[in-house]
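Working notes for the structure below.
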Amino acid sequence: MIGVGVAALVVVVIAALSVRVVRPTHRGIVERVGKYHHYCEPGFHGVIPFVDHLYRIDIREMLVEAQPQEIITNDNLNAKVDAQVYLKVKADEEDIKASQYNVTNYENQVVNLARTTLRNIIGTLSLKSANSERGRINEELRTTLRTETANWGLEILRTELKEIDPPADVQETMNKVVKAENEKIAAVDFATATETQADGQRRAEIKKAEGVKQAKILAAEGEAQAIQLVNEAAEQYFVGNAQVLRKLETVEKAFWQNAKIVVPSDGNLVNVIGDLAGIAPVPVKPAQPNPTPGQPQQQRR
């Protein structure tokens, strides 16, 4: 009974050691006596204890940091550069085998390859170009990594430059240059706005002056027309009468100064004054002789 119990226990232990589980986030390869034997999908798998060995490979996306480094740019400035690489192991059997058998520690290899590639790329650019062309640098880095790791079973998803920092004194100078350029742009904008405002005011003054001028012209034309009407009325109605009025004023002054007027025996005072004033004489009917007593009067016509 003891022997049977020991045998049963051995069987249970061997069975427990023979069962392996591969998670959905991993893939596995089994080596038997040091040689590749088969590929394992997620799930339960049986292996021979002490003969087979199961290796699990993570196929999820991972981030590897290209550690910060000093790179001399094309304009001889020391820039501190740091980058990130996003990658994953492909899930098919051949790529899983390649990630294990074609490269030693692919994460460390990718980091060193990324650092070297960044030195080659940024070393050909000025600091200003490197900061303004981050997209192109990322694309060149990704392309190079994909080419160099083509037989490693990896997929380079994307690369990102975290920072390209110049030395502190250079950074201070660049900040001053940027500030000066911003102030220049602000000054130009202010001058343009002032000029626009002045031009608007000038146009408004011109319009106002034109309005005043037009009003004065219209007023002058109205006055001229009024004067013309007055002159026409004077010419039509007052020229002859003005002469008569002048003569009457002369007679008035003569009477006022007690001038003596000799009236002819056959004249009339009214006609004498009118003659002095230039007025046509009033016709005077001849006086009728008084009839003698007893003589009949003539019939008047």
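The values are calculated or read from the model by the stated rules, or taken from the named source; none is laboratory data. Since the structure is predicted, the reported quantities are computational estimates derived from the model, not experimental observations. Cβ atoms come from the backbone with ideal geometry, glycine included; neighbour counts cover every protein chain shown.
Key figures
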| item | result |
| --- | --- |
| Identity of the residue in the range 138-179, among the acidic types (Asp, Glu), in contact with a strand residue (DSSP E or B) (Cβ under 7 Å, 6 or more places away or on another chain) and surrounded by 12 or more Cβ atoms within 10 Å (Cβ to Cβ), that ends up nearest to residue 65 (Cα to Cα) | 160 |
| In the range 35-47, the residues that are over 14 Å from residue 21 (Cα atoms) and either polar (S, T, N, Q) or touching a helix residue (DSSP H, G or I) at 6+ places or on another chain (Cβ under 8 Å) (or both) | 36 |
| Considering residues of the range 139-152 that are touching a residue at least 24 places away in the same chain (Cβ under 8 Å) and not aliphatic (A, V, I, L, M) only, the residue farthest from residue 163 (Cα to Cα) | 151 |
| Filter pass, residue 46 being among the small types (Gly, Ala, Ser) and touching a Ser or Thr at 6+ places or on another chain (Cβ under 6 Å) | yes |
| Some residue of the range 13-21 being assigned to a strand (DSSP E or B) and either without any contact (Cβ under 8 Å) to a residue 24 or more places away in the chain or of a type in the set (Gly, Ala, Ser) (or both) | no |
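Per-residue answers, yes or no, for (1) of a type in the set (D, E, K, R); (2) outside any helix (DSSP H, G or I); (3) at pLDDT below 85:
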site	(1), (2), (3)
161	no, yes, no
164	no, yes, no
172	yes, no, yes
182	no, no, yes
189	yes, no, yes
206	no, no, no
215	no, no, yes
220	no, no, yes
223	yes, no, yes
